[in-house]
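Colleague: I'd like to ask you about the structure that follows.
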Amino acid sequence: MEHAPEHPPATPSPEPDAGERRRASAIQSTATGVKRALLVVLGALIALFAVFNSRSVEVRWIFGDPISTPLILVIVVSLVAGIVIGWLSAKLRSRR
């Protein structure tokens, strides 16, 4: 009966030196700053989108009287409804 060849014990990787740790910390710090800046820009764009779409529009339902509401509210409700429908659709598809 043959024995499987034994693998040499794994050698522990050397600890990173202080310079490597500082570089890793600087990279992480820069990435965090970039993420924050992108979030600020995205927030500003969303705020501008809301301001430019704040006029009232008339929404006509299939049944009932039309209602007047800000356009941004119609857009946000439509976005949320689309996300929920897509999520539910994917959830139902994954069960099959």
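Colleague: What distance in nm separates the simple spin-label points at L92 and R55, each placed 7 Å from Cα in the Cβ direction?
Modeller: 3.7
Colleague: Is the C-alpha gyration tensor of the range 56-96 telling us rounded, prolate or oblate? Criteria: a/c under 1.5 is rounded; beyond that, a/b larger than b/c is prolate, otherwise oblate.
Modeller: Taking the square roots of the gyration eigenvalues as a ≥ b ≥ c, the range 56-96 is oblate.
Colleague: Once R0 is set to 30 Å, what does the formula 1/(1 + (r/R0)^6) return for the Cβ-Cβ distance between I85 and V41, expressed as a FRET efficiency to the nearest 0.05?
Modeller: Working from the Cβ atoms, E equals 0.55.
FYI, it's all coordinate maths here, none of it is from the lab. Note that this is a predicted model, so its numbers are computed, not measured. With ideal geometry, Cβ positions are generated from the backbone for all residues, glycine too; neighbour counts draw on all protein chains shown.
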